[in-house]
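A.B. asks: Before anything else, here's the structure in question.
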Amino acid sequence: MQKMMDASINEYMEILTSSAPVPGGGGASAVGAALGMGLSNMVASLTTGKKKYAEYEEEICSILEQGKALQQELLTLSERDAEVFEPLSKLYALPKDTEEQQAYRREALSKASIDAALVPMQIAEKALCGMRLCRRVAEIGSRLAVSDAGCGILFLRAAIRAALYNVRINLPLIIDEEFVKSLQNRMTEIVAEAKMLEEETTALVDNRL
């Protein structure tokens, strides 16, 4: 499988547009989150070394370091999403004529669906960490680039919502009800915090424009 992140933007878009099973919404949400993180990181980069923001220099440098790491982790998760979904897509072709075949198929689909749900869950978690950083960047970063922090938070919030759709679509195939419930509870928490962070960050951006 070609590594998606080695492709040009045009090549990636061509693959995404095609009938190939990957990349799909999960991988695309990771790329979207990485773009949002990149915008946040750009604001942090434009703030470092500026006398006007000297009191935040140490914090901004730390935020930038964390942000760069998150950006790379998100791109890696985009690749990982393709790796776990492709095997799942092939399992739908398993025979289901007998009870034994049906039982085997259900077990196989459940196991693969756990992996396919956990990766977009990780994407959502990483994007949420990115939103926390971006919120602070919008507050203390260069005012000249604060609109980019606003753009970044919107990319990250959208990426979370997209990633969680890709968690939810896998849940009906998972046999372990306790596992499903734990993911559902965590998704509720993520959605609530992401909404709050978006509202706080956009308010900061609007006030500084």
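Only the coordinates and a few stated rules stand behind these numbers; no lab work does. In this text, all values refer to a predicted model and were calculated from it rather than measured experimentally. Reconstructed Cβ throughout: ideal geometry from the backbone, glycine too, with neighbour counts over all protein chains shown.
A.B. asks: Summing Lys, Arg as +1 and Asp, Glu as -1, what charge do residues with Cβ under 15 Å from the Cβ of residue 185 carry, residue 185 excluded?
C.D. replies: Taking every other residue near residue 185 into account, the sum is -3.
A.B. asks: For the chain, with the dipole built from +1 on Lys and Arg beta-carbon atoms and -1 on Asp and Glu ones, taken about the Cα centre, which of 149, 171, 67 lies farthest toward the positive end?
C.D. replies: 149
A.B. asks: Report, in deg cm²/dmol and to the nearest 500, the calculated mean residue ellipticity at 222 nm for the chain, where each DSSP H run with n ≥ 4 adds -39500 (n - 2.57) and the sum is divided by the residue count.
C.D. replies: Helix contribution divided over all residues of the chain: -28000 deg cm²/dmol.
A.B. asks: Next question, about the same structure. Taking the simple approach of a point 7 Å from Cα along Cα-to-Cβ for both residue 115 and residue 61, what is their distance in nm?
C.D. replies: If labels sit at residue 115 and residue 61, their model points lie 4.2 nm apart.
A.B. asks: Where the Cα atoms of the chain are projected onto their three principal axes, how long is each span, largest first, in whole Å?
C.D. replies: 73, 37, 25
A.B. asks: Quick one: helix 177-208 against the long Cα principal axis of the chain, what's the angle to the nearest 10°, folded into 0 to 90?
C.D. replies: Rounded to the nearest ten degrees, it is 20.
A.B. asks: So for each of 22-29, 47-54 I average, over its residues, the number of other beta carbons within 10 Å; can you give me the resulting order with the highest mean first?
C.D. replies: By packing density, highest mean first, the sequence is 22-29, 47-54.
A.B. asks: Placing unit charges on C-beta atoms (Lys and Arg positive, Asp and Glu negative, everything else neutral), compute the dipole magnitude of the stretch 23-208 about its Cα centre in debye, rounded to 20.
C.D. replies: Details: 22 positive and 27 negative charges, 109 e Å.
Dipole magnitude for the stretch 23-208 comes out near 520 debye.
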